[in-house]
């Protein structure tokens, strides 16, 4: 009896630990820039800026090497010298700039044509930019003509974008929980197995439905389901890769799913923490700045379309000071003696990680969990932070073609549960 009781206690403890490991927890980490140190002879005089090369908290997809964000100090106090401890960054002299960058979409990259037009909307490319570190899609001037330009006054966060090697298999009647309350339902496959009836839901309510063909003889654009808003901006789209119709079951395989959030409208004079929106063009003081990235278009030219903000109050760079900016960004100065100034740019990020163990809330809340230090430069840490920040974790099963097929039926932790049940039963028989 004592042996049985001990086994039950041990089994219960392991089961509780297993449940804790498969639960999701919020993990906080911090990213630090390179150090501005005016006592270093290599520190430039006059103006100074951080970009994605010196601060990986800014948006920077390594492929194809694009970036968009700059935090720029205009040194109006010591223009022939470095910025010094105790200097005042006057109102309007600290700039935050983000420039939209055009690149191919995942669905556009799968087609060799010059356009990928669905219902009058060109899905071949899109404009992306960082907004205080987070990737956002920018609404173009003309959704049917991407070359018309892109003023970054209407942006939206990308909620979901599957990689080109990811396939989503769905059975009739199955619902795919996307993100932000959106979901896609496969209502029915036609008797010939060439078309599928899909429904797009938001917060459980039907928003749109359509019949999409999966005929292999059709162009990829004709096999793409698109839902757009009243202004003809894409909200959600996906591509029907294949349809299977059987005697007892049928399913559809989707690829290249994309979903964005609500549009954020930005206007002159809007405030974002320590910044006010000053306009949508590169100011003359920043003309010619090469702001990182290995791709083309990484130089700011006066008059370029950008989001331009500047500080709405004076900022004094006193020692041992933390200066909040916006969106988890803050400046930090070291406790040094004038005129020596050492300062860094930081970003606090929170991500949800399945399987992470929640820290004790009674522990020191100010203690850092992870610090990504860019004192030596480089962007190696950027991939993991942006991937975890923007992608939902799924459980993948490889198919015969080597592509990844997402499945909603895998439940991690239950294999261990079944094994423990078997172990417990075997022990009982032996007892």
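The values are calculated or read from the model by the stated rules, or taken from the named source; none is laboratory data. As the structure is a prediction and not an experimental result, all values here were calculated from the model. Methodologically, a virtual Cβ is constructed for each residue, glycine included, from the backbone with ideal geometry; neighbour enumeration extends over all protein chains shown.
Structure summary
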{"quantity": "Segment 315-327, subset in a strand (DSSP E or B) and without any contact (Cβ under 8 Å) to a residue 60 or more places away in the chain, residue surrounded by the fewest Cβ atoms within 10 Å (Cβ to Cβ)", "calculated": "322"}
{"quantity": "Residue list for segment 328-339, restricted to those being surrounded by 15 or more Cβ atoms within 10 Å (Cβ to Cβ) and touching a residue at least 40 places away in the same chain (Cβ under 8 Å)", "calculated": "328, 329, 333, 336, 339"}
{"quantity": "Of all residues in segment 79-116 being modelled with pLDDT of 95 or more and in a strand (DSSP E or B), the one that is surrounded by the fewest Cβ atoms within 10 Å (Cβ to Cβ)", "calculated": "88"}
{"quantity": "Residue match in segment 259-275 (condition: over 27 Å from residue 30 (Cβ atoms), touching a strand residue (DSSP E or B) at 6+ places or on another chain (Cβ under 7 Å), surrounded by 20 or more Cβ atoms within 10 Å (Cβ to Cβ) and outside the structural domain of residue 65 (by TED's automatic domain parsing))", "calculated": "yes"}
{"quantity": "Segment 194-209, residues that are surrounded by 13 or more Cβ atoms within 10 Å (Cβ to Cβ) and either part of a strand (DSSP E or B) or touching a helix residue (DSSP H, G or I) at 6+ places or on another chain (Cβ under 8 Å) (or both)", "calculated": "195, 196, 197, 198, 199, 200, 201, 202, 207, 208, 209"}
{"quantity": "Looking only at segment 178-188, and only at residues there that are part of a strand (DSSP E or B) and without any contact (Cβ under 8 Å) to a residue 40 or more places away in the chain, the one that is surrounded by the fewest Cβ atoms within 10 Å (Cβ to Cβ)", "calculated": "187"}
{"quantity": "From 212, 191, residue being part of a loop (DSSP other than H, G, I, E, B) and either in contact (Cβ under 8 Å) with a residue 24 or more places away in the chain or surrounded by fewer than 16 Cβ atoms within 10 Å (Cβ to Cβ) (or both)", "calculated": "191"}
{"quantity": "Residue check, residue 323 closer than 19 Å to residue 129 by Cα and more than 22 Å from the chain's Cα centre (by Cα)", "calculated": "no"}
{"quantity": "Among residues of segment 61-78, those that are assigned to a loop (DSSP other than H, G, I, E, B) and in contact with a helix residue (DSSP H, G or I) (Cβ under 9 Å, 6 or more places away or on another chain), counted", "calculated": "3"}
{"quantity": "Number of positions in segment 133-175 that are within 20 Å of residue 262 (Cβ to Cβ) and part of a strand (DSSP E or B)", "calculated": "13"}
{"quantity": "Matching residues, segment 244-292, being farther than 30 Å from residue 170 by Cα, under 27 Å from the mean Cα position of the chain (by Cα) and assigned to a loop (DSSP other than H, G, I, E, B)", "calculated": "266, 267, 268, 269, 270, 273, 274, 282, 289, 291, 292"}
{"quantity": "Every residue from segment 109-125 that is touching a strand residue (DSSP E or B) at 6+ places or on another chain (Cβ under 9 Å) and without any contact (Cβ under 8 Å) to a residue 40 or more places away in the chain", "calculated": "115, 124, 125"}
{"quantity": "Conditions (1) touching a strand residue (DSSP E or B) at 6+ places or on another chain (Cβ under 9 Å); (2) within 29 Å of residue 282 (Cα to Cα); (3) surrounded by fewer than 19 Cβ atoms within 10 Å (Cβ to Cβ): number failed by residue 164", "calculated": "(2)"}
{"quantity": "Among (1) touching a residue at least 60 places away in the same chain (Cβ under 8 Å); (2) buried (at least 20 other Cβ atoms within 10 Å of the Cβ), the one test that residue 220 misses", "calculated": "(2)"}
{"quantity": "Flag if residue 295 is over 21 Å from residue 37 (Cβ atoms), in a loop (DSSP other than H, G, I, E, B), touching a strand residue (DSSP E or B) at 6+ places or on another chain (Cβ under 6 Å) and modelled with pLDDT under 95", "calculated": "no"}
{"quantity": "Residue in segment 125-158 that is nearest to residue 274 (Cα to Cα), counting only those that are surrounded by fewer than 20 Cβ atoms within 10 Å (Cβ to Cβ) and in contact with a helix residue (DSSP H, G or I) (Cβ under 9 Å, 6 or more places away or on another chain)", "calculated": "134"}
